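Read through the structure below, which is laid out as structure tokens, and then see the notes.
The values are calculated or read from the model by the stated rules, or taken from the named source; none is laboratory data. If you're wondering where the values come from, they're calculated on a predicted model, not measured in any experiment. Don't worry about glycine lacking a Cβ; one is built from the backbone with ideal geometry, like all the others, and counts go over all protein chains shown.
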Amino acid sequence: MIRLFKVHYPIRTLVLVAGETILVWFSFLLGTLLQYREDSYLVLNFENGYYKIFAATAFVVLLCYWFDLYGPVMFGERSELYFRLLLVPGLLSLGLAIVGAISPRWLGNSSFLFGVIVLTISLIAWRSAYAWLSRLPYLRERVYVLGTGEQAARLVQGLKSRTDLGVDVVGWTGDILETPTRENAAAHLITTAKTQDVHRVIVAMQDRRNTMPMAELLQLRLQDGMHIEEATSWLERISGKIEVEQLNPSWILFAKGFRFSGWFRFVRRLLNFTVGLAGLLLAAPLMPFIILAIKISSPGPALYHQQRVGRGGKVFYCHKFRTMRKDAEADSGPTWAGDDDPRITKVGKFLRVTRLDEIPQLWCVLKGDMAFVGPRPERPEFVEWLSREIPYYGVRHLVRPGITGWAQIRYKYGNTIEDAKEKVQYDLFYIKNASIGLDIFIMFQTIKIVLLRRGAQ
């Protein structure tokens, strides 16, 4: 760890940011040299070339930060990391095209084109090299897991299986103690911290009243500058969800996230309105054919209107193309759709797999009842029941429900209380880490799922 401005930073993170900044700078510099050759000196020194390259470099670094490319790895598949990485030169190219249209004298568009090409190749090569560098001992964090039990064991296993996190578990209480007391847990912690050069302690203790070595943790935190964190935070980074079983209210109270500024809400609303309007315009030619197919396949209206619970617990009407028989719930009442549900028509099954049944929900996005990305909107009857059965279920109503969402792309549709609980954990993760970058990532993932015909029910 390196201390800058009285804050400790992992060496690996500083190496990543510094290396990427230098790489971006030289990519644009090389692009300018390749384009202008003997005139590059004049462009760089007398046409503010260095300042413009600096501005482009800062923009790229901000994009990388925006897409969480400098934070802890949240996704298991390396392809998802590279997908986010490729979004950076893509958005940069779009930005340069806009600037070039407004001001054609901006350092010559072709020079930046060379720079973007060099940058794309260099970023991929650098990230591959960094993956190798991150395995070196002096770029890895040494952690101690304080606690025993299922949560601690799950955390240790997760950290050991995710080498990309840059973390080595050098000890945990469960190594030697099945039923720790405060005294022997403290002794093991202090001994390991001194002999193994521990950088971080992760607390995974279920019963903390009699076994929590608070004095020793305070000593490590205040005197040695060691980081002390909750196990919930690390399990979140590993799995992409927030486990509710062992979640303490204080963790939500003090955790970063779960806050939405007025500017973020405005930009997100503008993005959702734009995407919703564009989606309706693109889908307009298909809608008459969908309505005709529904009418031919089964009697009843083409549209289905159903009450759902939105942000702040407000009830609204959600609109979808009908995919079930008209009397689907006449006998059973409100029920979740099951696998191979006989109530679903043949046309309805196709609409569900392709997500075409959700086109009318874009109107809900335009009205502001829904967002394009967010937790799945649930029916009031189910919300009342699930709120009693699942801890922190009501937190998902902090944001507008969405047509697609983090839980929808990470987990199956689900038709049991266990499935609902699992999806709430993904919803909590999304709400805590909500950002425009995450929304864009979910949108693109949804498109991939639809194109690969992995649609949910």
* What helices (runs of 4 or more DSSP H), lying completely within the stretch 313-392, carry at least 1 residues that are of a type outside the set (Phe, Trp, Tyr) and modelled with pLDDT under 90? -> 346-354, 380-389
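Among residues belonging to the stretch 222-253 that are part of a loop (DSSP other than H, G, I, E, B) and surrounded by 15 or more Cβ atoms within 10 Å (Cβ to Cβ), point out the one that is modelled with the lowest pLDDT. Break it down into steps so the answer makes sense when it comes.
Let us first name the residues in the stretch 222-253 that are part of a loop (DSSP other than H, G, I, E, B), namely 223-226, 240-248.
Still in the running and surrounded by 15 or more Cβ atoms within 10 Å (Cβ to Cβ): 226, 240-244, 246-247.
Numbers: 226: 86, 240: 84, 241: 88, 242: 89, 243: 85, 244: 85, 246: 71, 247: 80.
Ranking the qualifying residues of the stretch 222-253, first place goes to 246.
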* residue 176 passes all but one of (1) over 26 Å from residue 248 (Cα atoms); (2) at pLDDT below 75; (3) surrounded by 14 or more Cβ atoms within 10 Å (Cβ to Cβ); which number fails? -> (3)
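Any residue in the stretch 406-414 that is within 19 Å of residue 67 (Cβ to Cβ) and at pLDDT 90 or above? Break it down stepwise before answering.
If we filter the stretch 406-414 for residues that are within 19 Å of residue 67 (Cβ to Cβ), which is where we start, we get 406, 409-410.
Add one more test, that the residue is at pLDDT 90 or above, and what stays is 406.
Checking the stretch 406-414: at least one residue is within 19 Å of residue 67 (Cβ to Cβ) and at pLDDT 90 or above.
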* Might you check whether a residue that is in a helix (DSSP H, G or I), out of contact with any strand residue (DSSP E or B) (no Cβ under 8 Å at 6 or more places or on another chain), modelled with pLDDT of 90 or more and not charged (D, E, K, R) occurs anywhere in the stretch 254-266? => yes
